[in-house]
């Protein structure tokens, strides 16, 4: 895990390197440096977002178990709208946050994912609205039937990207890049008490779901964060 953390950090640093915006004459524009958001604050918000989405998904699965077709589509509209509200809240929260290199692209990447999800949920809302109340003139039901699984696949692709690509880098924001005597990034930038706080939030929000064999993407992301926090040493532990 420690070597993997070091490799990910170096790789992400290279991927995130980008030239600043250019002015009309081709020279770099002057950019006002924004104060960096404390990494602990950012990761705490990310855990909150994972937990909120996990609760919404659990609720959605229960709502879909209805008797009539109209109830099913009505609940799809309800659940997708709730998802949109949560995602828009995330986007607004992240707009006020900023990370310095090598993590400067992490928050924009997250907001792009969330914006894509909002648009995808809006399509499902439109499809479900058209299906309520039986056939209507001018509605291409064949197209709706064909497009719905595509949108669902897109949402799954986004979730997979957040789980596999983004979450490991979110954890790396807590890793101290200073190498130990074994040339490994083995320490965190947070204290033992701060680490305990994050672990307590993960355990409280996800509970027994953390032990599931086939967890959802949100729970799987929480498992990744927990595993990393437990393996690396807090900043106030002795350095080797």
What FRET efficiency, computed as 1/(1 + (r/R0)^6) with R0 = 22 Å and r the Cβ-Cβ distance, is obtained for residue 143 and residue 60, rounded to the nearest 0.05? 0.35
Two-site FRET efficiency, residue 231 against residue 208, from Cβ-Cβ distance with R₀ of 30 Å, rounded to 0.05: 0.90
Exposure proxy order (Cβ contacts within 10 Å, fewest to most) of 176, 200: 200, 176
So if R0 is 51 Å, what FRET efficiency would residue 200 and residue 150 give, r being the distance between their Cβ atoms, rounded to the nearest 0.05? 0.80
Counting all Cα-Cα pairs in the stretch 35-231, those more than 28 Å apart amount in percent to 35
Footprinting exposure proxy for 39, 160, 98, 187 (fewest neighbouring C-beta atoms within 10 Å first): 160, 98, 39, 187
For 83, 97, which order do you get if you count the other beta carbons within 10 Å of each Cβ and list the fewest first? 97, 83
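Only the coordinates and a few stated rules stand behind these numbers; no lab work does. Just so you know, these numbers come straight off a predicted model, no measurement behind them. Neighbour counts are summed over all protein chains in view; Cβ atoms, including those assigned to glycine, are modelled from backbone coordinates with ideal geometry.
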